[in-house]
Amino acid sequence: MKTNLTISLVVVCLTFAANELAANELAAQEKKGGILHGVVESVNGNTITVNYRRKSRPFTLTDKLKVNYVSFLKAKKEIKPGFVIRAHVDSKGQCHKLWVTLPIPEEQLKPSAEMLKMTAAELHKMADSNGDGGLSYVEYANAIYRSPKHGPVGFMKSDRDNSGTLNVKEFTGKLNDGIKWWKMSRKTPAEWHADADADSDGVLSKQEFVTFLGSNAHLDTFFKQADKDRSSDISVVELGGYIDSMLE
C-alpha cells in the first residue's frame with residue numbers, strides 16, 4: 001500500500017513538473033516572439049487571433065507586412081476564421097511575415113499502403129481531385145502532406161512557375177526533396193541500411209544514420225527511436241522498424 005502511494009505521488013509530481021515546464025516554455029516564447037501557426041479564430045481589424053497549441057494567441061499586422069496567400073487561385077484573398085496561417089511575430093506581438101491558406105483538415109495525415117507503391121505521376125493524379133492537372137495547396141494538404149508550420153512555405157518554394165499549383169514535375173521535386181514517407185518507401189530497409197553503412201560493419205553509427213536521414217535535425221530523438229536495444233548503433237531490423245513507424 002505504501003509503495004503504491006509513493007508511486008502515485010511520484011507520478012503526480014512528474015506530471016506537474018512537465019506541465020509547468022511546458023507552460024514556462026510557452027510563456028518564454030510569447031515574450032520573445034517566434035512562429036505562430038494554426039487555425040484563425042477571429043479577425044478584428046489588424047488583430048488576428050490564432051489557435052496555437054490549443055491556446056488563443058493574438059498578434060497585429062503591420063503596415064509593411066507582405067501576406068503570402070498560398071494557392072488561393074480564384075478564391076478571394078482575405079483572412080477569415082477557419083483559414084490556416086503561419087505568422088512570424090516579434091516580441092511586441094507584431095507580424096512581419098505571414099502565410100495564409102484556405103481551410104485544411106487538422107487530423108494527422110498518413111499515406112495508405114496503396115500510396116506507398118504509387119509513382120509520383122500516379123500520386124499527383126490521385127491527389128488532383130478536380131482533375132485540372134494542377135495540384136492546389138488544399139488538394140496537396142488533403143492527400144499528401146499537411147503541416148501549418150512547414151507546408152505553406154515548402155509548397156510555395158516548389159511552385160517554380162508561381163501558378164499556385166504544382167504540376168507533375170514540380171510535385172515530383174517536392175516528393176524527393178521533403179516528403180519522408182515518399183523517400184523511405186522507395187527502397188527496402190536493407191537497401192537503405194547498405195547505402196548508409198559506410199564502413200560495412202553491419203550496423204549504422206549515429207553519423208551513418210545521419211546519411212540515411214539526410215539531416216542532423218532532431219538527430220538524437222530519431223536515433224533513440226530507432227536504437228531499440230540501446231546498443232548505440234542500428235541494425236537492419238531496427239532500421240526496418242523505424243521506417244515502418246514512419247510509414248504507419
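Please treat every number below as a calculation from the coordinates, not as lab data. This structure is a prediction, so every number in the text was calculated from the model and none was measured. Here Cβ is always computed from backbone atoms with ideal geometry, including for glycine, and neighbour counts include all displayed protein chains.
For the stretch 70-134, the C-alpha radius of gyration sits at 1.53 times the compact-globule guess of 2.2 N^0.38 Å, with N the residue count. In the chain, the calculated helix contribution to ellipticity at 222 nm averages -13000 deg cm²/dmol per residue, counting -39,500 (n - 2.57) for every DSSP H run with n ≥ 4. Counted by neighbouring Cβ atoms within 10 Å, the residues His124, His88 run from fewest to most as His88, His124. Taking the Cα centre of the stretch 33-101 as origin and assigning +1 to Lys and Arg Cβ atoms and -1 to Asp and Glu Cβ atoms, the resulting dipole is close to 160 debye. Please compute the contact order of the chain in relative form: average sequence separation of alpha-carbon pairs under 8 Å and at least six residues apart, divided by the residue count, as a percent. Relative contact order here is 13 percent.
Rounded to the nearest whole Hz, the Karplus-based 3J(HN,Hα) values (6.51 cos²θ - 1.76 cosθ + 1.60, θ = phi - 60°) of the stretch 163-171 follow the sequence 7, x, 9, 9, 7, 4, 5, 5, 5, with x at glycine and proline. Find the percent of Cα-Cα distances in the stretch 33-101 that exceed 21 Å, and round it to a whole number. The answer is 14 percent, as a whole percent. Phi angles across the stretch 98-103 convert, under the Karplus curve 6.51 cos²θ - 1.76 cosθ + 1.60 with θ = phi - 60°, into 3J(HN,Hα) values of 9, 10, 10, 10, 5, x Hz, Gly and Pro given as x.
Computed from backbone phi with θ = phi - 60° and the Karplus coefficients 6.51, -1.76 and 1.60, the 3J(HN,Hα) list for the stretch 51-66 is 7, 10, 6, 6, 9, 6, 10, x, 8, 10, 7, 8, 5, 8, 5, 9 Hz; x is used for glycine and proline. Residues whose amide H comes within less than 5 Å of that of Lys97, counting only those at least five positions distant or on another chain, are His88 (H built at 1.01 Å from N in the peptide plane). The average projected area of the stretch 200-248, computed from the convex hull of its Cα atoms over all directions, is 3.3 nm². Extension gain for Lys76-Thr47 works out to 8.5 nm (0.36 nm per residue, less the C-alpha to C-alpha distance).
If I take R0 = 22 Å and measure r between the Cβ atoms of His88 and Arg160 in this structure, what FRET efficiency does the formula 1/(1 + (r/R0)^6) give, to the nearest 0.05? Here the calculated transfer efficiency is 0.40.
Across all Cα pairs in the chain, the calculated P(r) in 5 Å bins from zero up to the longest distance comes to 1, 6, 11, 13, 12, 13, 13, 12, 9, 5, 3, 1, 0, 0 percent per bin. In the stretch 138-248, Rg over Rh equals 1.04, where Rg is the alpha-carbon radius of gyration and Rh the Kirkwood radius from pairwise Cα distances. Inter-part distance, the stretch 91-121 to the stretch 200-243, computed on C-alpha centroids, equals 27 Å.
The ranking of Lys110, Lys180 from fewest to most other beta carbons within 10 Å of each one's beta carbon is Lys110, Lys180.
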